[in-house]
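Working notes, beginning with the structure itself.
The values are calculated or read from the model by the stated rules, or taken from the named source; none is laboratory data. The structure displayed is predicted, hence computed values, not measured ones. Cβ: placed from backbone, ideal geometry, glycine included. Neighbour counts: every protein chain shown. Please note that ligands, DNA and RNA were not included when accessible areas were found on the heavy atoms of the full protein model with its side chains. Shrake-Rupley method; radii C 1.70, N 1.55, O 1.52, S 1.80 Å.
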Amino acid sequence: MDKSSALDYINQMFPNEASLSGVEPLMQKIHNEIRRVDAGILAAVRQQSNSGTKAKEDLAAATCAVEELMYKIREIKTKAVQSESMVQEICRDIKKLDFAKKHITTTITALHRLTMLVSAVEQLQVMASKRQYKEAATQLEAVNQLCSHFEAYRDIPKIIELREKVKNIKQILKSHVSSDFSSLGTGKETEETNLLQQLSDACLVVDALEPSVREELVNNFCSRELTSYEQIFDGAELAKLDKTERRYAWIKRRMRSNEEIWKIFPPSWHVPYRLCIQFCKKTRKQLEDILENLKEKPDVGALLLALQRTLEFEDELAEKFGVGTQSREIGNEIEEIGKGETTSHSVSDIRKKYEKKLAAHQEGNDEKDRNKDLSVPGAGFNFRGIISSCFEPHLTVYIELEEKTLMENLEKLVQEETWDIEEGSQNNVLSSSMQLFLIIKRSLKRCSALTKNQTLFNLFKVFQRILKAYAAKLFGRLPKGGTGIVAAATGMDGQIKTSDRDERVICYIVNSAEYCHKTAGELAESVSKIIDPQFADGVDMSEVQDEFSAVITKALVTLVLGLETKFDVEMAAMTRVPWGTLESVGDQSEYVNGINMILTTSIPVLGNLLSSVYFQFFLDKLASSLGPHFYSNIFKCKHISETGAQQMLLDTQAVKTILLDIPSLGRQTSGAASYSKFVSREMSKAEALLKVILSPVDSVADTYRALLPEGTPMEFQRILELKGLKKADEQSILDDFNKHGPGIKQPPITPAAVPVAPVVSLVSSPTSVGLVASREDVLTRAAALGRGAATTGFKRFLALTEAAKDRKDGPFRKLFNA
């Protein structure tokens, strides 16, 4: 402890003089402790000295032990090398003896087999000379097996001699078998009872020979069988198209009569199958020559009959030999045309895309299968099309006949069309549309039963032309506008007059065109599944569907134009109303009632006949036509007084209400929201125009700029004329209007929502320099606008003006604080 701590400790131990008597005992205790500590230190030093000496001794002992271990390891390694050398010396002689034993065994086996081969060859030679085919077949297999053991010794003279001898024997056997089989079919098999058994045994020999011998034998047999066929049907009498059926009858008779005889052939040879393949190839060649050598176009009936019989024969062969998995049962696929649910265009595109991928995959598999052995049924050869494909280039006359028939049927259907729907019909589609597709389906069935290649594709092109022609017929049936000098002189040029029946017919045409559009897509989809994959890409009805879409659009536009023509009478009545001399505002005018009568008569019928999609399209077209028409008709009036403008404003709102009720009249309100917004926007322009006419003379220009910012000076001049101003006043206002420009740039505000609020915004805007009016001026204008006002718009303006007095901010408040 430090000095201060020691002093504190002593003072604590001896606080007073009386405690000093304990100093001696304490000193004695401390001396004893010092001696004990010194003894412990001395013992520790001695122990540490002894431990260092012992560690050195232990290290020296470990080093000696390691040296001894290394010596023993080297000694063991040396003994191991000596042992390995001793084992190799002992086994050297044993290995030589083992090799010798192996060679001797191989030699004995080879000599034994050679003896067997020599004996077997001699026996085979005897059997071949005596035509003992059954025994020779077994012996030949043994010889072939023995010869395979001597492949490594083929350069040895004795082996060469034996192999040559075996080759000669095989040639003798081949010659004998060919000679014996040449008598098959000549009638000898009935005279010599054992001939068929002998030939059956000969087949065993052929199987033991090379595969090429069997191929040659079967080919020769088939050629001999078909020699008489070629001689019979190459003659002038039977080498005709109408005799095609007799060819197939001949081969069927031949196969039935020789069925028992041909059982001598092993089933693995597939002789009837191979015979039919050769027959089909020869028949195709002869039919091609007949068709090429025709001096004029073939008779369609004879051509189709020959093709039909050919297809039936090919189907029989395919079923008999179990080849060709493609089925001609496509009736169900065709029957679905016109019955399926409406599908989106994207679904059809996706389906076609994956069908093309599948077709490409199948073509790739076909490429791989071409290298298969076609002599085996089901190995890649397909009887379907092997003969009938030769008719393909000559079926143009058939397509021409189909097109002529379809066109005649189309003309007949259109002539017999009543352009009306039977009562109780569900789809409101013209009968000619459904009948036309029934005729097309029958034509497709006929053709697809004959061919699925170029001819079917050509027929599909015919279907396209027929459907386009029908679209033209529907287009031509739509009511036309007035033409000629009289129509132009009376202002009726281009107008379309439609009766109630015409409107129903137009709706039927729309529904029929929609049905044809959908069914044409289904037709293309069915044909693409039936037709050969290489033509599937060209199967497309988009052009035809575009034609029917054009018919639908034209029909709906014609409906709108027809209603416009009916409205023209009421619009003319509107211009004849003495708007300048009206004394008071009353109920809605007669022309408004006429418009209402037209719509309540036509719209329920149209809504009942048209689908929701096309009814919505019709409404959009109608709104986009009637709104601007009504707007422009206001300018055709001569003079409009303030009372007349208020009455016309009331009529405008009544017309707007009538137009907004059209979806309810048609019982189709699915798209009413967008239609109502569109009507409100268009009719608000007419309301804004009438509010401009109602505005005071000194503010008419400002009001026009605010409510009709897209207006023109010419239109503004016509408004001044409608107000009945004097020429001098009119010119002064026009000059002021032209000086400030026709319109003011500002955010668009819908007049219908806040009818006259834009005027106030214009006055209060800091950007309208020179146009800021005083408080009294605005109140005067408001009073003028409200004088005699009978509409909600003007009342709302006055309410806004009065309410502005109580507000602390905003443009109205600024006006009243000015």
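Odds and ends about this structure:
- Whichever residue in region 186-202 is modelled with pLDDT under 80 and among the charged types (D, E, K, R) and, among such residues, is least open to solvent (accessible area, probe 1.4 Å): Glu189
- If you go through region 664-690 and keep only what is within 30 Å of Lys726 (Cα to Cα) and touching a Ser or Thr at 6+ places or on another chain (Cβ under 7 Å), you end up with Met683, Ser684, Ala686, Glu687, Leu690.
- Close pairs (7 angstrom Cβ cut-off, 6 or more residues apart or separate chains): farther than 9 Å from Gly607 by Cβ in region 657-678, charged (D, E, K, R) and assigned to a helix (DSSP H, G or I) anywhere: Tyr675/Asp620; Phe678/Asp620
Conditions tested, residue by residue: (1) open to solvent by 90 Å² or more (accessible area, probe 1.4 Å); (2) modelled with pLDDT under 85; (3) in contact with a Gly (Cβ under 8 Å, 6 or more places away or on another chain); (4) among the polar types (S, T, N, Q).
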position	(1), (2), (3), (4)
Ser4	no, yes, no, yes
Tyr9	yes, yes, no, no
Phe14	no, yes, yes, no
Ser19	no, yes, no, yes
Lys29	yes, no, no, no
Arg35	yes, no, no, no
Ala39	no, no, no, no
Ala43	no, no, no, no
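- Residue match in region 214-223 (condition: of a type in the set (Lys, Arg), open to solvent by less than 30 Å² (accessible area, probe 1.4 Å) and modelled with pLDDT of 80 or more): no
- Those residues of region 102-137 which are β-branched (Val, Ile, Thr) and without any contact (Cβ under 8 Å) to a residue 40 or more places away in the chain, in sequence order: Ile104, Thr105, Thr106, Thr107, Ile108, Thr109, Thr115, Val126
- Residues of region 274-306 classified as of a type in the set (S, T, N, Q) and open to solvent by 60 Å² or more (accessible area, probe 1.4 Å), total: 1
- Residue check, Val205 touching a residue at least 40 places away in the same chain (Cβ under 8 Å), within 30 Å of Gln139 (Cβ to Cβ) and open to solvent by less than 60 Å² (accessible area, probe 1.4 Å): yes
- Scan region 638-656 for residues that are part of a loop (DSSP other than H, G, I, E, B) and surrounded by 21 or more Cβ atoms within 10 Å (Cβ to Cβ) and the total you get is 1.
- Test: Leu124 is among the hydrophobic types (A, V, I, L, M, F, W, C), within 30 Å of Asn194 (Cβ to Cβ) and either at pLDDT below 85 or within 60 Å of the chain's Cα centre (by Cα) (or both): yes
- Filter pass, Phe265 being out of contact with any strand residue (DSSP E or B) (no Cβ under 8 Å at 6 or more places or on another chain), buried (at least 18 other Cβ atoms within 10 Å of the Cβ) and under 21 Å from Cys390 (Cβ atoms): no
- Selected residue (criterion: nearest to Val414 (Cα to Cα)) from residues of region 443-465 that are modelled with pLDDT of 90 or more and among the basic types (Lys, Arg): Arg465
- Options Ala686, Ala673; residue that is open to solvent by 20 Å² or more (accessible area, probe 1.4 Å), part of a helix (DSSP H, G or I) and among the small types (Gly, Ala, Ser): Ala673
- The residue that is modelled with the lowest pLDDT, among those in region 466-510 that are part of a loop (DSSP other than H, G, I, E, B) and crowded, with 16+ Cβ neighbours inside 10 Å, is Met492.
- Subset tally (residues that are more than 16 Å from Lys441 (Cβ to Cβ) and crowded, with 21+ Cβ neighbours inside 10 Å) for region 514-543: 2
- Within region 243-251, the presence of a residue that is open to solvent by 20 Å² or more (accessible area, probe 1.4 Å), among the polar types (S, T, N, Q) and assigned to a helix (DSSP H, G or I) is excluded.
- Given (1) among the charged types (D, E, K, R); (2) without any contact (Cβ under 8 Å) to a residue 40 or more places away in the chain; (3) open to solvent by 60 Å² or more (accessible area, probe 1.4 Å), index of the condition Lys174 fails: (3)
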